[in-house]
Amino acid sequence: MGPPAGLGRLLVAVASLGFSVEGAAGGFDLIPLTELPLKTAGRFIVGTSGRRAHMACVNWYGAAQRQMVMNGLDRQPPAVIAARIVELGFNCVRFPFNLEMLFVSQPSVPNPGVVLAAAPELWPLSALEIFDRTLASLTDVGLLVVVNNHVSAAGWCCSASDGEGLWYTDKYSEEDWLTGIGMVANRYRLNPRVVGFDLRNEVRPSGMVLPTWGTGDASTDWSMA
């Protein structure tokens with residue numbers, strides 16, 4: 001049986017690391033809580049037992065865009081999508097967000113009746129509260145989550161001219177970025193299944209400014225951010 005409607009566009013990117021016993025749908029087993037927190041050992045990711053942890057991740061996008069919520073919630077509620085991700089054999093989800101949802105106060109997301117058609121209980125909530133609920137639906141079924149600061153301002157990513165290639169933009173300062181990623185880290189620090197933080201999506205030129213590493217230029221050097 002194929003995936004529920006709306007999931008085809010959801011399951012768009014897979015990143016597999018290492019070797020593991022195959023689990024559901026020929027995929028990878030869920031990583032038990034007893035193996036958390038994860039850490040690195042050389043080039044490997046390992047659990048508390050020292051055994052290599054193997055992550056098969058899917059990217060669930062949407063909340064970084066102007067709709068402010070993950071794609072697919074117009075077709076299925078979060079819990080159904082989370083269960084389907086496990087059924088398909090994944091054990092990890094990359095979960096993008098924008099800084100705008102952290103700093104802009106609004107009673108609800110744009111067009112909730114459309115983008116949240118399958119989850120009416122979420123309609124009154126803010127974008128950040130919906131992000132919380134959706135993330136919890138993933139970790140509740142045993143999935144690991146890697147949060148990702150995709151962009152600062154809500155919108156599609158990416159191009160060399162969108163002004164979003166560095167950690168700061170014309171609208172959101174370095175201080176805003178540091179505050180934002182600190183807020184997210186603190187928000188989920190007690191959830192052991194939130195195991196990683198992807199600090200920015202697709203590092204690239206921002207207009208005419210090229211990103212660098214190790215140059216000592218505070219305006220472009222990612223190692224100093």
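Only the coordinates and a few stated rules stand behind these numbers; no lab work does. On a predicted model such as this, the values are computed, not experimentally measured, just so you know. Virtual Cβ from ideal backbone geometry, glycine too; neighbours counted across all protein chains shown.
Which one, GLN67, ALA154, SER137, projects farthest toward the positive side of the charge dipole computed for the chain from Cβ point charges (K/R +1, D/E -1)?
SER137
In what sequence do HIS54, HIS150 fall when counting other Cβ within 10 Å, fewest first?
Ascending Cβ contact count within 10 Å gives the list HIS54, HIS150.
So, with +1 on the Cβ of K and R and -1 on the Cβ of D and E, and no other charges, what is the size of the charge dipole of the range 14-202 about its Cα centre, to the nearest 20 debye?
In total the dipole reaches around 500 debye.
When only C-alpha pairs under 8 Å and at least 6 residues apart count, what is the relative contact order of the chain, in percent?
18
For SER49 and ALA83, what does the FRET efficiency come to when R0 = 25 Å and r is the distance between their Cβ atoms, rounded to the nearest 0.05?
0.40
If you line up the Cα atoms of the range 113-172 on their principal axes, what length do they span on each, largest first, in Å?
37, 29, 17
Looking at the range 139-199, which trypsin sites (Lys or Arg not before Pro) are in a loop (DSSP not H, G, I, E or B) and have at most 14 other Cβ atoms within 10 Å?
For trypsin sites (Lys or Arg not before Pro) across the range 139-199 that sit outside H, G, I, E and B with at most 14 neighbouring Cβ atoms in 10 Å, the list reads LYS171, ARG189.
Taking every pair of distinct Cα atoms and averaging 1/r, then inverting, what Kirkwood hydrodynamic radius in Å comes out for the range 14-202?
Roughly 17.2 Å, rounded to one decimal.
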